[in-house]
Each structure stands twice: as structure tokens, then as C-alpha cells.
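One structure below.
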Amino acid sequence: MFKFKRQIWSYGAAIALVIIAAGLMLVLNPYIELTKASFLLFFGAVTISAWFGGRGPGVLATVLSTLCASYFFLEPVWSLSLSFASGARMALFALQGCLISALVGSLRIAQQQTKQSWRQLKASEAKFRRLVDSNIMGVVSCDIYGAITDANDAFLTSVGYTREDLLAGRLRWDEMTPADLKHLDVPAYEELITKGKNTPYEKHLSASKDSACLLLWEPRY
């Protein structure tokens, strides 16, 4: 219901903008001869309609603007009959108006999708942060060069390190990986570099304090 009302408002706004543009041109025409620039303010009406309403309202504004310009400003004025030159000008405006509606409408959709993606990303980050803070399972952040940059208490406990060790930069996943298992990281590293993430695999980490852990390793950029 809300979406339907929004569409009605968008199309109504497109009609209102064309009426305003036509009214301003009629008022100003005696002073600056807008019949010589028959579509001047109508371009603004089309652009604004497409930006706030999308392609549909933009096309509607284009059609109405074409009719208004034809009737009030193209020779012969106060008539919908057109000369060849006036018809060509009207066709060019209609083509440009549709193009503006398509481009601006696409930009509007892209902006809305970006906002939606940003909201989803923020929501995912909030869920991930709650998981980290809950300490139900170990969560670790690291770079591709071997350094562990962040970890929650559950992970630190499992490998026998403290937060002071983490802050001091003494935690490195490459050094904590047993030598006989380091070869498993090579294909995962290559996949990470080429695809931005790698297929999850089990990884064994050992610590200098006689602790060790087995975890599901899924690095991402």
C-alpha cells in the first residue's frame, strides 16, 4: 500500500512539475522570448521527476512536456499541428527526455541499492560483533602476511595467549602453524589472492604455552 501511494505521489509530482515549468515559461515568454527555447524549463521538470520518481515519472514528464511545448511554444503556437522543423525539434526533445529518464532512473536505483547494501552490511557487522563478544566460539582476524590482528577471548584462551600478547603483536598464525601442515595453506593462499576468499578448511594452530586448537579456517579480504 505504501509503495502504491509513493508511486501515485511520484507521478503526481511529475505532472505538477510540468505544469510549473509551463506556467513559468508562459509568464517569462513576453520578456525573454522563450518560444526560441521551447523546451528550456521542461528539461528540469523531466530530470527532477526521474530523480525523485524513477523512469516512469520521468517518461510521463517527457510526454507532457512535449505536448505543452508543442501547444504553447512551437510554431504554430496554440495548436498541436506542427511544421516539419517543429516536429523534428519535438522528436529530439522526446528522445533526450527518455534518455535522461533512463539514465537518472538507473542512477537512482543504483543509489537505493547502495544504501540497502550498506544497511545490510551494518546489520551483518552488528551480528558478527555480537558473536565475537559472546565468546561462544573463537573468532580471529588476521592479514595475509601471517599476523593476527584481532581475536576474542575464546580464541586467546584456546591457544593459551593473553590480550597483552595480542596487543604486543606476538601472535602470528604462520608461526603457530605446525611445519608439517604449512603446505595446506599454499593452495588456500593462492585461492584467496585470486578470488578474494578461499574454500574453508580445517587448520591446526599450536601455541608456545603447550596449547593448541583446531579451527575452521576461512580467510577473506
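The values are calculated or read from the model by the stated rules, or taken from the named source; none is laboratory data. Here the structure is a predicted model, which means the values were calculated and not measured. A quick note on method: Cβ atoms are made from the backbone with ideal geometry, for glycine too, and the neighbour counts reach across all protein chains shown. Ligands, DNA and RNA are excluded from the accessible area calculation, which covers all protein heavy atoms including side chains. Shrake-Rupley method; radii C 1.70, N 1.55, O 1.52, S 1.80 Å.
S124 to R172: FRET efficiency via 1/(1 + (r/R0)^6), r the Cβ-Cβ distance, R0 30 Å, to the nearest 0.05?
Computed FRET efficiency for S124 and R172: 0.60.
Kirkwood hydrodynamic radius of the chain from all distinct Cα pairs, in Å? Present the calculation step by step, with values, prior to reporting the outcome.
Values: mean 1/r = 0.0438 Å⁻¹.
That comes to 22.8 Å for the chain.
Let me have the relative contact order for the stretch 143-186, percent, based on Cα pairs under 8 Å that are six or more residues apart. Show your work: numbers first, answer last.
Numbers: 24 pairs, mean separation 19.0, N = 44.
Here the relative contact order equals 43 percent.
In debye, nearest 20, what is the charge dipole magnitude of the chain about its Cα centre with +1 on Lys and Arg Cβ and -1 on Asp and Glu Cβ, if you could check?
Values: 22 positive and 18 negative charges, 236 e Å.
In debye, rounded to 20, the chain gives about 1140.
Of K127/K203; K127/K197; K5/K197; K115/K197; K127/K195, which ones are farther than 32 Å apart at the Cα?
Values: K127/K203 24 Å; K127/K197 20 Å; K5/K197 43 Å; K115/K197 24 Å; K127/K195 25 Å.
Long pairs (Cα-Cα over 32 Å): K5/K197.
For labels at D133 and K5 in the simple 7 Å Cα→Cβ model, what's the distance in nm?
3.6
Can you check how the C-alpha radius of gyration of the stretch 120-186 compares to 2.2 N^0.38 Å, as a plain ratio? Walk me through the numbers on the way to the answer.
On the way: Rg = 13.4 Å, N = 67, 2.2 N^0.38 = 10.9 Å.
The reported ratio for this selection is 1.23.
Report the accessible area of C142, computed with a 1.4 Å probe over the heavy atoms of all protein chains in place, in Å² rounded to the nearest 10.
We get 50 Å² for C142.
Can you give the accessible area of M137 in Å² (nearest 10), computed on protein heavy atoms with a 1.4 Å probe?
Taking all protein chains as shown, M137 has close to 100 Å².
Based solely on its DSSP helices, what 222 nm [θ] is calculated for the chain when runs of n ≥ 4 H residues each add -39,500 (n - 2.57) and the sum is averaged over all residues, nearest 500 deg cm²/dmol?
On the way: 8 runs with 141 residues, N = 221.
Calculated at 222 nm, the ellipticity per residue is -21500 deg cm²/dmol.
For L40 and S79, FRET efficiency with R0 = 22 Å and r from the beta-carbon atoms, rounded to 0.05?
The computed FRET efficiency comes out at 0.60.
Within a Cβ distance under 14 Å of A14, other residues only, what is the Lys/Arg minus Asp/Glu net charge? Please report the intermediate quantities before stating the final value.
Working: positive: R6, R55, R108; negative: none.
Around A14, the surrounding residues sum to +3.
At a probe size of 1.4 Å, how large is the accessible area of S65, to the nearest 10 Å²?
Around 0 Å² of this residue is reachable by solvent.
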